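Peer 1: I'd like to ask you about the structure that follows.
The values are calculated or read from the model by the stated rules, or taken from the named source; none is laboratory data. Only a predicted model underlies this, so the values are computations on that prediction, with no experimental measurement involved. For neighbour counting, all protein chains shown are included, and Cβ atoms are generated from backbone atoms with ideal geometry for every residue, glycine included.
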Amino acid sequence: MQEKFTRYLENFRLYLLAERGLAKNSVEAYIRDIIQFFEFTDKDPVKTETGDISRFLYSLKKSKLRPRSIARKLSSIRVFYKFLFSEGYIDHDPSELIETPSIPVYIPVVLEVYEIEKIIDAVDTSDPIGLRDLACIETLYGCGLRISELLSLRMEDVFLEDGFIRVLGKGGKERLVPLGGRAKKAILNYIEKGRPFFEKTKNPLLFLSKRGKKISRMGLWKRLRKYVDMAGIKKHVTPHTFRHSFATHLLEGGADLRAVQLMLGHSDISTTQIYTHVSREYLKEIVRSFHPRG
């Protein structure tokens, strides 16, 4: 059975990479979920029944795993069995009858515009590090980037005259994101007055550490945390909070949902729709605050 399972798994891995076009990290997450499931069942995949999947999900629930994580593992199992069925390895899909566990709506932490201004005001731009940090913050918020996308930006990805940056997103998918005026100005100042101090060797990356290397995620997170603390903001702020704020503020301002989806690089619009929940909360707050019967 082990040999057959290994073959199924390798073929599934190739399918996810070649046909689904998933990033390596996403593929490995699928594989881990599948291995965990079959370590639990100790069965040949061909002989798995719906009850086996139900028992696995129940064991995850008993272990206090979050509903969102359970739903993700179920999704991995479903994709795996759809693959086996489409390849003719099995004659029925045992995951078909399994209901998806209900997931509470996750409302992301969002900064108010004035809070972002306070964070920006906390940055000392009299030195190269401050110029770099300001450019990072303005780009995170002004373009809605993931931290991995920000730190992977190359000099050749920045088109200041055209007002765009080229972003390499999940699954190696490229997208063009408009540069707002303040982000554009911050990047230009950093390139002209800050970056030369960091460029010890010829490094193609836009944002560099003091040693001229790629900035680590943790390194940038600590820098941002410092400015958040200096600004006196008590919310739990991460680099991703600026991305959440970018999307929410655009939708609050009347931006089209699909346009926001494109800028965020979401393959599925349902992922973007989480920000409409935030916007609805904002609208309810407006009514509560300003309507005579709020």
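Every residue, every condition in (1) in a loop (DSSP other than H, G, I, E, B); (2) within 21 Å of I116 (Cβ to Cβ), yes or no:
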position	(1), (2)
Y141	no, yes
L145	yes, yes
V167	no, yes
L176	no, no
K184	no, yes
Y190	no, yes
K193	no, no
E199	yes, no
K202	yes, no
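Peer 1: Quickly run through the range 28-70 and pick out the residues that are touching a residue at least 12 places away in the same chain (Cβ under 8 Å) and of a type in the set (D, E).
Peer 2: Within the range 28-70, D33, D44, E49, D52 qualify.
Peer 1: Look through R175, R154, R132 and report the one residue that is among the basic types (K, R), in contact (Cβ under 8 Å) with a residue 24 or more places away in the chain and touching a Phe, Trp or Tyr at 6+ places or on another chain (Cβ under 7 Å). Even if it seems obvious, please write down each step before you answer.
Peer 2: Numbers: R175 fails: touching a Phe, Trp or Tyr at 6+ places or on another chain (Cβ under 7 Å); R154 fails: touching a Phe, Trp or Tyr at 6+ places or on another chain (Cβ under 7 Å).
After ruling out the rest, the residue left standing is R132.
Peer 1: Another question about this same structure. What about F56, is it buried (at least 20 other Cβ atoms within 10 Å of the Cβ) and part of a helix (DSSP H, G or I)? Working first, answer last.
Peer 2: Working: buried (at least 20 other Cβ atoms within 10 Å of the Cβ): yes; part of a helix (DSSP H, G or I): yes.
Considered against the rule, which asks whether it is buried (at least 20 other Cβ atoms within 10 Å of the Cβ) and part of a helix (DSSP H, G or I), F56 comes out as yes.
Peer 1: Additional query: Name the residues in the range 1-26 that are outside any helix (DSSP H, G or I) and closer than 18 Å to L74 by Cβ, would you?
Peer 2: Selection gives R20, L22.
Peer 1: A further question on this structure: Hey, could you check the range 147-165 for residues that are outside any helix (DSSP H, G or I) and either β-branched (V, I, T) or not assigned by TED's automatic domain parsing to the domain that holds G181 (or both) and say which is surrounded by the fewest Cβ atoms within 10 Å (Cβ to Cβ)?
Peer 2: Kept after step one, since they are outside any helix (DSSP H, G or I), are these residues of the range 147-165: 152-154, 158-165.
Of the ones still in play, those that are also either β-branched (V, I, T) or not assigned by TED's automatic domain parsing to the domain that holds G181 (or both) are 158, 165.
Working: V158: 19, I165: 26.
Taking the candidates together, the pick is V158.
Peer 1: Continuing with this model, one more query. Sort out which residues of the range 107-121 are among the aliphatic types (A, V, I, L, M) and buried (at least 18 other Cβ atoms within 10 Å of the Cβ), and write them in order of number. Walk me through how you get there before you give the answer.
Peer 2: Taking the range 107-121 first, the residues among the aliphatic types (A, V, I, L, M) are 107, 109-111, 113, 116, 119-120.
Passing the criteria: V110, L111, I116, I119, I120.
Peer 1: Now for a separate question. Which numbered condition in (1) assigned to a helix (DSSP H, G or I); (2) out of contact with any Phe, Trp or Tyr (no Cβ under 8 Å at 6 or more places or on another chain); (3) modelled with pLDDT of 90 or more is the only one that I137 fails?
Peer 2: (2)
Peer 1: Could you check the range 190-208 and list, in sequence order, the residues that are buried (at least 18 other Cβ atoms within 10 Å of the Cβ), of a type outside the set (K, R) and closer than 14 Å to C136 by Cα?
Peer 2: Hits for the range 190-208 are Y190, G194, L205, L206, F207, L208.
Peer 1: For the range 27-45, does any single residue satisfy the condition of being of a type in the set (S, T, N, Q), in a loop (DSSP other than H, G, I, E, B) and in contact with a helix residue (DSSP H, G or I) (Cβ under 9 Å, 6 or more places away or on another chain)? Let's see the steps before the verdict.
Peer 2: Looking only at the range 27-45, we keep the residues that are of a type in the set (S, T, N, Q), and these are 36, 41.
If we keep only those that are in a loop (DSSP other than H, G, I, E, B) as well, we get none.
Within the range 27-45, not a single residue is of a type in the set (S, T, N, Q), in a loop (DSSP other than H, G, I, E, B) and in contact with a helix residue (DSSP H, G or I) (Cβ under 9 Å, 6 or more places away or on another chain).
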